[in-house]
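The values are calculated or read from the model by the stated rules, or taken from the named source; none is laboratory data. As the structure is a computational prediction, the values presented were derived from the model and not from experiment. Cβ coordinates were reconstructed from backbone atoms using ideal geometry, including for glycine residues, and neighbour counts include every protein chain displayed.
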Amino acid sequence: MFFLKQVLPISTEDVFHRLLRATTAFYLVFPTLFFAYGWLKWPFNFITVLLIMFFLVYTTKDIYITVKYLWENQREYIYTRKTIGWVIATTLTIITWLSFSGIGGIGYQNDDYRAKNALFNDLINQSFPLTATFSGVTTKIVYYYNYYLPSVAMGKIFGWKIANFSIFLWSLVGIMLAFAWFLTISQVSLRKKTYKLFPLALIFCLAGGLDFIGAYIFKDLSFSWSRHIEFWVEYYQYSSNTTLVYWAPQHAIPAWLLTGMVVTSIYKTQNLKYIAMSIAASILWSPFAIIGIFPYLIVLLFSYILSSQKRFFIFNSVSNTFNIIALWTGGLYLLYIESNSFSFPITVMWKVIENKRHFVATLLKFWFVEFGLLTFFVATYLLIHFFVYMSKNKKDSVSLWQNWLEALNKNFNIGSRQFGVFILSLAILIALPFFKMGIFNDLVMRGSISALFVFWAIISKIILDTNIRPYSQLRLDIGYFFILVTLIIGFLTGYSEIVRSVENYKFGPPSSASVSSLGNEDRLELVNQRAGKDNTFFYRYIGK
């Protein structure tokens, strides 16, 4: 059968990327089965389940073939004692970090878990589609459920505690995949240097902006190691990676996974057969993840469509088949999301800000704290070594831009496409604060996840893969020192989240009886954002 035909790539790196893509696509698409069963009428549920099963069988076959290839051909390289040791150390670091997150009741659960647990508990105990009663009026809940649904299925069979344990394991799988994509986006070389996995994991877990400066210098808050400080700006925030996992894993995981799939396809020509389905499925993981990945997706599509050599990787028989399935799945999801009442603000900041001068001043501080100072040190570092490179390797026959790219490649192993993606990420981070969506501006908080993921990955590349710093001598390049210190100060934001979890640590979920229903949740302004409308196209013709 054509959909089981496989053409193995040549290099081990390509095989690994193929395995990562197939596994990621399976992870993102799998929850669609539960939504189709629970929310769609016959025959829409039957058709959707059939199409999704077709896709999942294909990805499973791809996973099996690539794992078999790696085992048979690269066993000696992959399973050396040194490699295994660093992989284990890295994995334990990420598991330890996650074990303080509150996911599944393991660790302290931050304030957002009141609404999260209410939603999770209602999904387990109610029939689908989910409803809630507000002031005596019952309304459908229209929300992005995919993060929860596999664990909800476990909860319906085995109960609340197993559901919570399941969602912890489900999150762990997603975050390990995200770390693999972080490594791939960074392009940090592990050849004979697998020890780099450990510092890369630390950056992945702890990377964040200089919110200590924002909160304790610009905002003059009272100091506490365990304080949540990222709302020092009253308009928006850029969350550290720890904050994302401890407060909003349902947004972080799909955004990270989609970013990996799209950005690495910009770096190097890949078969895009899994992209469309992964994006379609992610509409019900996190719509903000789709918004955040959109600029990268535009670059990707243009670069492939405009190239006759790359066009095949979008429009081949397998991709066309999956793209049709993605249109069906994504269309159903969009019609479902359209059933939301949209009782939250969607505007540009300029229209809702009264004191424009204060807004501009705050915005400049925000840019400076979250990424500006670190970007300045990185740019200065790159420019200084570019001029040094030019003084030794001046080539009048090529343009300044070509010399710049050559210097980046020689000094830092950074290619032109990786540098271009870095610039695009900075542009996104500059632009996002001008917009508002949601009561607490979820667009900026969650739409920035992709750009920050790329930003921290490429900073990791500069830190871990530079050819400038003389490792054989006990001295640090002064520019490198400033970058490293700024990065470590940024770790303190995530460290505060971990400290609060340590101080209030709990193991095990709250009892199901103690978890309120969505209709009784005291933060009704948040729950109201999830309220749906009955008289919509989806619920009239497609939904149960």
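So which of 327, 334, 364, 373 ends up being touching a helix residue (DSSP H, G or I) at 6+ places or on another chain (Cβ under 7 Å) and modelled with pLDDT of 90 or more?
After ruling out the rest, the residue left standing is 373.
Is it true that some residue in region 369-384 is under 30 Å from residue 239 (Cα atoms) and of a type in the set (D, E, K, R)? Show your work before the answer.
Step one: of region 369-384, the residues under 30 Å from residue 239 (Cα atoms) are 369-383.
Now narrow it down to the ones that are of a type in the set (D, E, K, R): 370.
Looking for residues that are under 30 Å from residue 239 (Cα atoms) and of a type in the set (D, E, K, R), one finds at least one in region 369-384, hence yes.
Of the numbered conditions (1) of a type in the set (Gly, Ala, Ser); (2) free of Cβ contacts under 8 Å to residues at least 24 places away in the same chain; (3) over 27 Å from residue 542 (Cβ atoms), residue 331 fails exactly one; give the number of that condition.
All conditions pass for residue 331, except number (3).
List pairs: first residue in region 110-137 and within 17 Å of residue 244 (Cα to Cα), second residue modelled with pLDDT under 90 and assigned to a helix (DSSP H, G or I) anywhere in the structure, Cβ distance under 8 angstrom, at least six positions apart or on different chains.
From residues that are within 17 Å of residue 244 (Cα to Cα), the pairs are 115/518; 115/526; 115/527.
Got a sec? Which of 120, 134 is under 25 Å from residue 278 (Cα atoms) and of a type outside the set (Gly, Ala, Ser)? Full working, then the answer.
Working: 134 fails: under 25 Å from residue 278 (Cα atoms).
Going through 120, 134 in turn, just one is under 25 Å from residue 278 (Cα atoms) and of a type outside the set (Gly, Ala, Ser): 120.
Looking at (1) surrounded by 14 or more Cβ atoms within 10 Å (Cβ to Cβ); (2) farther than 30 Å from residue 531 by Cβ; (3) not small (Gly, Ala, Ser), can you tell me which one residue 333 breaks?
Here residue 333 meets the rest and fails (2).
Return the pairs, sorted by first residue and then second, in which the second residue is part of a loop (DSSP other than H, G, I, E, B) and small (Gly, Ala, Ser), the first residue lies in region 261-290 and is under 27 Å from residue 414 (Cβ atoms) and in contact (Cβ under 8 Å) with a residue 12 or more places away in the chain, the beta carbons are less than 6 Å apart, and the residues are 6+ apart or on different chains.
Going by the 6 Å Cβ cut-off, there are no qualifying pairs.
Could you check how many residues of region 228-255 are in contact with a Leu (Cβ under 9 Å, 6 or more places away or on another chain) and farther than 17 Å from residue 286 by Cα?
7
If residue 423 satisfies every condition in (1) among the hydrophobic types (A, V, I, L, M, F, W, C); (2) free of Cβ contacts under 8 Å to residues at least 24 places away in the same chain; (3) farther than 25 Å from residue 251 by Cα but one, which is the exception?
(3)
Hey, does region 369-388 have a residue that's crowded, with 17+ Cβ neighbours inside 10 Å, of a type outside the set (Phe, Trp, Tyr), out of contact with any strand residue (DSSP E or B) (no Cβ under 9 Å at 6 or more places or on another chain) and not in a helix (DSSP H, G or I)?
no
What residue, among those in region 135-160 that are polar (S, T, N, Q) and farther than 12 Å from residue 121 by Cα, is modelled with the highest pLDDT?
Of everything passing the filter in region 135-160, 146 is modelled with the highest pLDDT.
One residue is enough: does region 184-207 have a residue meeting the conditions buried (at least 20 other Cβ atoms within 10 Å of the Cβ), at negative phi, without any contact (Cβ under 8 Å) to a residue 40 or more places away in the chain and not basic (Lys, Arg)?
Taking every residue of region 184-207 in turn, none turns out to be buried (at least 20 other Cβ atoms within 10 Å of the Cβ), at negative phi, without any contact (Cβ under 8 Å) to a residue 40 or more places away in the chain and not basic (Lys, Arg).
Of all the residues that make up region 311-322, how many are assigned to a helix (DSSP H, G or I), more than 12 Å from residue 51 (Cβ to Cβ) and either without any contact (Cβ under 8 Å) to a residue 24 or more places away in the chain or not aromatic (Phe, Trp, Tyr) (or both)?
6
Residues that are at pLDDT below 95 and over 23 Å from residue 154 (Cα atoms): which helices (runs of 4 or more DSSP H) entirely in region 1-115 hold 3 or more of them?
Per the criteria, 12-29, 44-73, 75-78, 81-98.
Count, please, the residues in region 209-228 that happen to be surrounded by 23 or more Cβ atoms within 10 Å (Cβ to Cβ) and over 18 Å from the mean Cα position of the chain (by Cα).
Of the residues in region 209-228, 3 are surrounded by 23 or more Cβ atoms within 10 Å (Cβ to Cβ) and over 18 Å from the mean Cα position of the chain (by Cα).
Do any helices (runs of 4 or more DSSP H) lying entirely in region 428-544 carry at least 2 residues that are among the polar types (S, T, N, Q) and either modelled with pLDDT of 90 or more or over 29 Å from residue 347 (Cβ atoms) (or both), and which ones are they? I'd like the intermediate steps shown before the answer.
Working: elements: 442-447, 449-465, 478-503, 524-527.
The helices (runs of 4 or more DSSP H) meeting that bar are 449-465, 478-503.
Residues in region 292-310 that are β-branched (Val, Ile, Thr) and crowded, with 20+ Cβ neighbours inside 10 Å: how many? Reasoning before the result, please.
Start the filter on region 292-310 by keeping residues that are β-branched (Val, Ile, Thr), which leaves 293, 298-299, 305.
Pick out the ones that are also crowded, with 20+ Cβ neighbours inside 10 Å and you get 293.
The number of residues fulfilling the criteria is 1.
Out of the residues in region 116-156 that are assigned to a loop (DSSP other than H, G, I, E, B) and either at positive phi or not hydroxyl-bearing (Ser, Thr, Tyr) (or both), which is nearest to the chain's Cα centre (by Cα)?
Checked region 116-156; the qualifying residue nearest to the chain's Cα centre (by Cα) is 146.
Considering only residues that are in a loop (DSSP other than H, G, I, E, B) and of a type in the set (Val, Ile, Thr), look in region 266-284 and name the one that is surrounded by the fewest Cβ atoms within 10 Å (Cβ to Cβ).
Looking at the filtered set, the residue picked out is 269.
Would you be able to tell me the number of residues in region 406-423 that are in a helix (DSSP H, G or I) and either crowded, with 18+ Cβ neighbours inside 10 Å or modelled with pLDDT under 80 (or both)?
Of the residues in region 406-423, 7 are in a helix (DSSP H, G or I) and either crowded, with 18+ Cβ neighbours inside 10 Å or modelled with pLDDT under 80 (or both).
Residue 338: surrounded by 18 or more Cβ atoms within 10 Å (Cβ to Cβ) and touching a residue at least 40 places away in the same chain (Cβ under 8 Å), yes or no?
Answer is no for this residue.
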